[in-house]
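Asks: Structure in C-alpha cells, see below.
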Amino acid sequence: MYDRGGKVWEGNYPNGLVFLEKDWQQDRLPKDLVEEAGLLGADFVQLSPWERAKLGGYCKRGDSIVFVLEPSRFPALKPNHEKIFLVGDFNDWENALGNERWALTYEQDCLCLTMKWTEFSKMGNFQFKFITASQMWIEPTFGFPFVEKSPIGAYNFHFDSDRTGNDVFSFKIANAKDTQSTQIWSEFRPIGDFGYSRDNQQAKFRLFAPRAEKVDLLVYQDPHNEAEINRLTMSKNQDGSWSFEGPLDEKYYRFSVFHNSLEKGSNLLEKKILDPYAKATVGRNGPGVAITPTIPVPSENRWTPPPMKDLVIMEAHVRDLLAQAPIDLSRDERMQFRGLTKWLQSEDCYLRKLGINAVELQPVLEFDARSREEYHWGYMPVNFFSPASSYASCPESGSVIQEFGELVNAFHNAGIAVILDVVYNHVGIPAHLLNLDRSLYFRTDEYGRLQNHSGCGNDLKCEAEPVRKLVMDSLIYLVKTFDVDGFRFDLGELMEMELLSEIERELKTIKPGICLIAEPWSFRGRLPPEISRTSYALWSDRCRENILHSVKGEGHKSDIIALLQGTLDGENQFPWQSVNYLESHDDYTLVDRLLQPDEDGVVRITQKAVQQVRLAMALILLSPGIPMISAGQDLMRNKKGNRNTYLRGDLNEIDYSKSEEFADLTSDLKALIDFRLSDKACFLRPKSRQEWQYDVMPMGGLNTLCLRIFEHGGEQSFLLYFNLSEEGIDLRVPQGYEILLCPEAVSETEKLESLGYAVAGLKNS
C-alpha cells in the first residue's frame, strides 16, 4: 500500500479502522489517509484509548501505562482457570512467568496490568506478549500495524511511545447508492468532449458522473486559496454527464461530487476533485486551470519518428538529466521542461552527442508530488492530460502546455523521437477518480475492496468503457497537441488486450509511425500471446538477465546466440518486438548488480566492471530488437546498492563529471550507436526473422563465440565476435573480411581482449 502517515485496515465491509503512525496531532485528516488507501471514508470516530488498547495491547492513562488483554477476542483462553502474565523485552520474557508482579487482573471486561509510564517510556520501542501459566502464548492479530515480527519469527505486540492510545480511528466506507447500475454504466461509452472548453464568451464544463447525486462547479480567484468565490450547480444529462455553460471569466476550478453514504439517513458525502480532463493543473490537488491549448500541431506538420526496427532509445528522467548538466541554468530551470529545452539546444548535450534517436521520458503527466521541489519518478499519476505542474515555470498561468510543447519540438529538432512513459493501470494520491466513482473506475473484489495487482494500492478498471474513453482521449490529446511519437505503457498487462488493440488502431490513424511499447507483466500475470500479432514491442527481462549472467561468466552461450539471432523472446513475431535493456529506472543498475558497496556505501569501480558494462552494451546494440540504454549507463552510474530510488533524486541524477574518467566507455557506446544506425549495419535492424541467416562458427572455448550473419538470397555477410572469457583470444578474421567495429585497434592476427567484441564484414560489400 502506498500511504503516508499511517495504515488502513478494513474490517467487515463497510467498516474499517485507520491506524496512525503516532498520536493524533490534528495535522492531517484521517480521511486523507483512507483515500490514499483507495477508500471513500465517512463517519470518522476516534477510538478511546481503552478501545485502542484492546486491539494493540496497551494505552496510556494519566501517568500510567495499562497493558490490556480482551479475553473475548481469544476463544481458546480460560482466564478463570489460570493466570495470565505480561512478558517482554523488559522482564526476560518467559522467565517472568509466575512472578506476581506481571500477573494480569480483571478490570471491566478485560485483563489488565497497570504500571508507571516512566518505567516504559524511557525504554523506547520494544515487543511484548501475554502468556498463560500453562505456557500458552496468546497470539496478537496478524496484520495489525502494532504487531511486529521478532528475530525468531514470532509475532508480538509492539510498544511505541509515540502511540499512546490516541492513534486509531474507525470509519465507514461510502459509495454511490445505486450499486446495481455499476455494470450498466461500465458498459456505456460516453460520447463527446469533457472538461473545460470555451465558445466565444461562454465557458463550458462537462463531467461524466452518472451515479452522483449532485455535482457543483467550484470557482476560485486564487489557486492557492481553497475559498470558493462561486459555487455553480451543474445540470445532469441523460447520458450520465453533468454540464455547466455560461459567462465565466475566472481561471481556476474544481468539481464537487456528492454521493449518498451507505448509512441510512446520512447526509450526502461531498468530495472535491480535480477535473479528470484538466489540461493544466496547479499541483496534485488542483485546481484545474481553465485554459485551451494554443499549440496544436497540424497533421501535415507532424514529425515522423524512425521505424520501430531502427530505434535506439535512452530511458531518462527530466530532473536526472538536468541536475548536474554542464550548462548555465538557474536552480528552477534544472527542475523544469524549459531547462531541458535549453540543454537540448546545446551542441554539448549528452543526448545529442551519444547519437540516440529516441528518448523514453519517465512519466511527465501530473503526479502526486506534494511540492514543486519534491523529487518523484512520476508513476503515481493524478491526471492523464496535464503535463506535470512541478516541471512548469508558472503553473498558475498554464505555462506547462507551451513549455512541454517546446520541449518536444526541441527533441525533434535534435532528431530524437519522444516516447512518453504513461501509467494507466493505477492512480496516485489524491485519487480523484476514486472520489468521482469508486466502483465505476476501479476493480474491486467480492467484498468491495480495491484490487491491487499493480502493487500501488489500486487497479483501474480498464475493461470499463468510461475508463477506456478517458485513456483514449488522453492519448489522442497528447499526440495531436504535442506531437509525441510514442508511448510506453506501465504494467501493460493490467490494461487488457482489447484496450491496447484500440490504442494501436486509433493512434495509427493519427500518426502511422507511432511507437508503442508495453511492460508485459503485472503482479497478476503477463500479456497474452496475441500481443505478438500487434505492433507493440515488449520489455525483455530475459535479455537483461541473460546478459548479466553472461558478462559475469555464469551464463549459457546458447542464450547469447539466441539474443544475437533475435529469437531469445521466441513468442514475438518480429525481432523488433523485443526491447533489449540492461537496466531501467526499476531495481538496481547494472553496476549495482556487478559490484557491492563498501562499508562507507561507496561503489568502487573496477576495470573489470567497466569491461563488463562495455560488453553488455555491445551485446544489446549488436542484436536485433530495440536497444534501450539507461541515462548515465556509460558513466557507470550506480545507486550505491539501493534497489528502490523512487524518491531519491540524489542517487538517480547523472554525474557528468564522470565523463572524463569513463571517456572510453562513452566513446565505445557512441561508436556502437553510430554503427548500428549506419547503412552497413542493416543486418542488425531486420524487418523479419527471414531476412538474414545465422551460422555459429567454431572458435573454441566455452565463453567465446563467433556468429556469421549472411543475407538470405544476397551477398552480404558479417561476423560477430564476442569474448566472454577472462583471457584474450586470437582474432583470426577470414580472408576477404575486414574489421568494421572494435573498441581496440586490431589486425587480422591480433588478440581480442578479455570481455571484448568485434564486428567484421566482407570487403567492398
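The values are calculated or read from the model by the stated rules, or taken from the named source; none is laboratory data. Note that the structure is predicted; figures quoted are calculated from it, not measured. All Cβ positions, even for glycine, are placed from backbone atoms using ideal geometry, and neighbour counts span all protein chains on display.
Asks: Among the listed residues 82, 119, 94, 148, which satisfies the condition of being in the same structural domain as residue 25 (by TED's automatic domain parsing) and part of a strand (DSSP E or B)?
Replies: Answer to the selection: 148.
Asks: I would also like to ask the following. Looking only at strands (runs of 3 or more DSSP E) that fall completely inside segment 213-321, which ones have 2 or more residues that are modelled with pLDDT of 95 or more?
Replies: 214-220, 230-233, 241-247, 252-260, 313-316
Asks: Just to verify a result, which residue in segment 194-211, among those that are among the small types (Gly, Ala, Ser) and in contact with a Lys or Arg (Cβ under 8 Å, 6 or more places away or on another chain), is modelled with the lowest pLDDT?
Replies: Across segment 194-211, the extreme among qualifying residues is 197.
Asks: Still on this structure, I have one more. Count, please, the residues in segment 505-530 that happen to be farther than 23 Å from residue 302 by Cα and either part of a loop (DSSP other than H, G, I, E, B) or touching a Pro at 6+ places or on another chain (Cβ under 7 Å) (or both).
Replies: Residues meeting the conditions: 7.
Asks: All but one of (1) touching a Cys at 6+ places or on another chain (Cβ under 8 Å); (2) in a loop (DSSP other than H, G, I, E, B); (3) modelled with pLDDT of 95 or more hold for residue 569; which doesn't?
Replies: Here residue 569 meets the rest and fails (3).
Asks: Tell me, which residue of segment 434-469 that is at pLDDT below 95 and among the aliphatic types (A, V, I, L, M) is farthest from residue 273 (Cα to Cα)?
Replies: Here the answer is 450.
Here's the yes/no breakdown for (1) free of Cβ contacts under 8 Å to residues at least 60 places away in the same chain; (2) out of contact with any strand residue (DSSP E or B) (no Cβ under 8 Å at 6 or more places or on another chain):
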{"residue": "566", "(1), (2)": "no, no"}
{"residue": "569", "(1), (2)": "yes, no"}
{"residue": "581", "(1), (2)": "no, no"}
{"residue": "609", "(1), (2)": "yes, yes"}
{"residue": "617", "(1), (2)": "yes, no"}
{"residue": "620", "(1), (2)": "no, no"}
{"residue": "623", "(1), (2)": "no, no"}
{"residue": "636", "(1), (2)": "yes, yes"}
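Asks: Can you pull out every residue in segment 645-674 that is part of a loop (DSSP other than H, G, I, E, B), in contact with a Lys or Arg (Cβ under 9 Å, 6 or more places away or on another chain) and crowded, with 17+ Cβ neighbours inside 10 Å?
Replies: 645, 653, 654
Asks: Mind listing just one residue for me: the one in segment 171-193 that is in contact with a strand residue (DSSP E or B) (Cβ under 8 Å, 6 or more places away or on another chain) and at pLDDT below 85 and, of those, surrounded by the fewest Cβ atoms within 10 Å (Cβ to Cβ)?
Replies: Ranking the qualifying residues of segment 171-193, first place goes to 177.
Asks: Taking segment 726-765, which residues are in a strand (DSSP E or B), modelled with pLDDT of 90 or more and not hydroxyl-bearing (Ser, Thr, Tyr)? Break it down into steps so the answer makes sense when it comes.
Replies: Residues of segment 726-765 in a strand (DSSP E or B): 729-730, 737-741, 751-752, 757-762.
Now drop any that are not modelled with pLDDT of 90 or more, which leaves 737-741, 757-762.
Result: 738, 739, 740, 741, 758, 759, 760, 761, 762.
Asks: Test of understanding: among 328, 332, which residue is over 14 Å from residue 392 (Cβ atoms) and out of contact with any Pro (no Cβ under 6 Å at 6 or more places or on another chain)?
Replies: Values: 332 fails: over 14 Å from residue 392 (Cβ atoms).
Within the list 328, 332, the selection yields 328.
Asks: Farther than 27 Å from residue 534 by Cβ and buried (at least 16 other Cβ atoms within 10 Å of the Cβ): does that describe residue 683?
Replies: no
Asks: OK, next. Looking at 470, 440, 494, 500 in this structure, which one is out of contact with any Lys or Arg (no Cβ under 9 Å at 6 or more places or on another chain), within 18 Å of residue 384 (Cβ to Cβ), in a helix (DSSP H, G or I) and in contact (Cβ under 8 Å) with a residue 60 or more places away in the chain?
Replies: 470
Asks: Which of the residues spanning segment 407-437 are more than 21 Å from the chain's Cα centre (by Cα) and in a loop (DSSP other than H, G, I, E, B)?
Replies: 414, 415, 416, 437
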